[in-house]
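Visitor: Can you keep this structure in mind? I'll have questions shortly.
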Amino acid sequence: MQPDVNVAPLPSIPRRRDLARAHHERGGLVAAVLPIHYPRALLRAFGILPMEVWGPPNVDAARAASRLQPYVCSIVRNALSFLESGGLQIADLLIVPHACDSLQGLGSVLLDFVHPAQPVLPLYLPRNPAPEGTAFLADEFRALHQRLAEVTQRTPSESELMQAILDEEVADDLLRRVHEQRPTLPLTTFDFYHLVRAREFLPLDSFVSLARAILAMPAVKSPPKIPIVLSGIVPEPMDMLRAVDELGASVIADDLACCGRRLYPAGRSRDPFMRLAESLLGGSPDSTRGSPIQDRLDHLLGLAHSTGSRGVVFHDVKFCEPELFDLPVLRRGLRDAGLPSITVEVDLNDAVSHQARTRLEAFLEMIA
Ligand code: SF4
């Protein structure tokens with residue numbers, strides 16, 4: 001039996017273009033931010049609205065072909081094509097975190113060859129754990145703070161920065177609660193991600209209101225569909241989530257780089273940069289942060305056991321090296337622990353193929 005979902009209208013999400021225009025009219029700047037981890041609060045302290053760019057999907061990627069190798073993933077290919085076709089004109093600056101070799105390469109291509117109209121600000125992420133990694137990342141944030149001060153011609157005080165951090169921690173806590181409450185939310189898998197991924201571009205107040213509206217939704221009483229864990233980078237194309245709903249399943253927990261791996265805990269330090277670093281590095285294990293595979297396996301098993309999930313779907317972007325490296329060990333570990341898994345590889349510009357849908361259907365039948 002399918003849950004009685006979406007009986008009430010969903011909260012509406014403003015369009016990015018409208019949000020950017022309104023923010024500009026208030027005198028703020030807009031940053032286009034490439035995946036995956038970055039200090040939202042630091043940008044907000046400078047009056048900058050971060051808008052994340054996960055591709056986007058369905059872009060004519062041909063423009064990037066002359067600058068990138070054919071084995072670069074579609075997130076990076078699409079981002080470069082989108083930029084070169086004028087899709088990021090609303091942005092006043094570009095932030096490129098070095099989540100992987102492909103994104104690091106994109107940063108170099110932008111700085112050395114493309115020379116976009118906007119300043120390009122790279123951000124290096126540590127691959128080593130605390131305390132060295134935390135101190136390194138705090139220094140990276142100090143350097144970014146300096147660059148942002150040059151770009152915006154303003155410098156927030158330390159107390160303004162700390163207030164921005166505390167405000168973001170409230171939003172992060174709400175997002176974590178939304179994820180925890182997911183099994184009883186009256187939302188399809190597609191609608192859940194449509195709403196929570198608005199964190200990628202909404203102003204802080206708008207996201208806090210949205211999260212509170214989600215948490216206030218009446219709980220679903222009927223039993224869930226086939227519960228699964230979704231792992232990977234980003235659930236694009238989003239039609240794949242519609243397929244999950246149509247096939248009688250429900251993503252009840254996720255290990256997605258854009259969602260579950262960014263449920264950051266609050267930092268503890270009184271130094272704002274250390275506090276930001278502690279928070280970012282406190283997220284769940286992530287291939288792009290160099291987390292040990294065993295930590296990722298333990299995390300996936302913990303997610304599955306705590307939610308009663310019957311299997312794990314790895315939904316991976318083609319040519320995603322960090323994810324592909326971990327995959328064989330993760331799947332073997334899940335199998336040894338008695339948890340079935342399946343891998344679906346996607347390109348952001350392709351529709352969900354019949355073959356992928358059929359494989360997903362067969363997998364769900366097996367674990368039902
Ligand atoms: S999909 Fe993988 S390879 Fe591509 S940008 Fe993301 S982490 Fe890097």
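Visitor: Step by step: find N for region 80-195, compute 2.2 N^0.38 Å, then divide the Cα radius of gyration by it. What's the final number?
Guide: Region 80-195 yields a ratio of 1.34.
Visitor: Then there's this: Could you tell me, in Å, what Rg and Dmax come out for the Cα atoms of region 16-158?
Guide: 15.3, 45
Visitor: Additional query: Taking amide hydrogens as modeled 1.01 Å from N in the peptide plane, which residues meet the under 5 Å criterion relative to S341, leaving out close sequence neighbours?
Guide: V312
Visitor: What Rg and what Dmax come out for region 250-368 when only alpha-carbon atoms are used, in angstroms?
Guide: That works out to 16.0, 53 Å for Rg and Dmax.
Visitor: Same structure again: Build a GNM of the chain with springs between Cα atoms under 10 Å: which of V352, V114, V317 gets the top mean-square fluctuation?
Guide: V114
Visitor: A further question follows. So who's got an amide H within less than 5 Å of the one on V346, skipping anything under 5 residues away but keeping other chains? H placed 1.01 Å off N, in plane.
Guide: Close amide H contacts, sequence-distant or interchain: D316, V317, K318.
Visitor: Moving to a separate point now. Based on the Kirkwood radius over alpha-carbon pairs, what is the Stokes-Einstein translational diffusion coefficient of region 52-120 at 37 °C with 0.692 mPa s viscosity, in µm²/s?
Guide: Result for D is 276 µm²/s.
Visitor: Hey, another quick one. What is the set of long-range amide H partners of A253 at a cut-off below 5 Å, with H atoms built 1.01 Å from backbone N?
Guide: So A253 has HN proximity to I228, L230.
Visitor: With θ set to phi - 60° and the Karplus curve 6.51 cos²θ - 1.76 cosθ + 1.60, what are the ³J(HN,Hα) couplings of region 45-57 in order, to the nearest whole Hz, using x for Gly and Pro?
Guide: In residue order, the calculated couplings are 4, 8, x, 9, 8, x, 10, 7, 10, 9, x, x, x Hz.
Visitor: Still on this structure: Per residue, what volume in Å³ does the Cα convex hull of the chain take up?
Guide: 132
Visitor: Ok, one more. For a footprinting-style exposure proxy, rank H305, H24, H98, H315 by other Cβ within 10 Å, fewest first.
Guide: H305, H24, H98, H315
Visitor: Here is a follow-up. Take L106, L297 and order them by how many other Cβ atoms sit within 10 Å, fewest up front.
Guide: Fewest-to-most ranking of L106, L297: L297, L106.
Visitor: Provide the per-residue ³J(HN,Hα) series for region 136-145, in order, calculated from phi with Karplus coefficients 6.51, -1.76, 1.60 and θ = phi - 60°, each as a whole number of Hz, with x at glycine and proline positions.
Guide: The phi angles translate into 4, 5, 4, 5, 4, 5, 5, 5, 5, 4 Hz.
Visitor: Could you derive backbone 3J(HN,Hα) for region 16-33 from the dihedral phi with the Karplus parameters 6.51, -1.76 and 1.60 (θ = phi - 60°), listing whole Hz in sequence and x where the residue is Gly or Pro?
Guide: Each residue of region 16-33 in turn: 4, 4, 5, 5, 5, 4, 4, 5, 4, 5, 8, x, x, 10, 10, 10, 8, 10 Hz.
Read-outs throughout are calculated quantities, based only on the coordinates presented, and are distinct from any laboratory measurement. Here the structure is a predicted model, which means the values were calculated and not measured. Because the Cβ atoms are built from the backbone with ideal geometry, glycine has one as well, and the counts that use them run over all protein chains shown.
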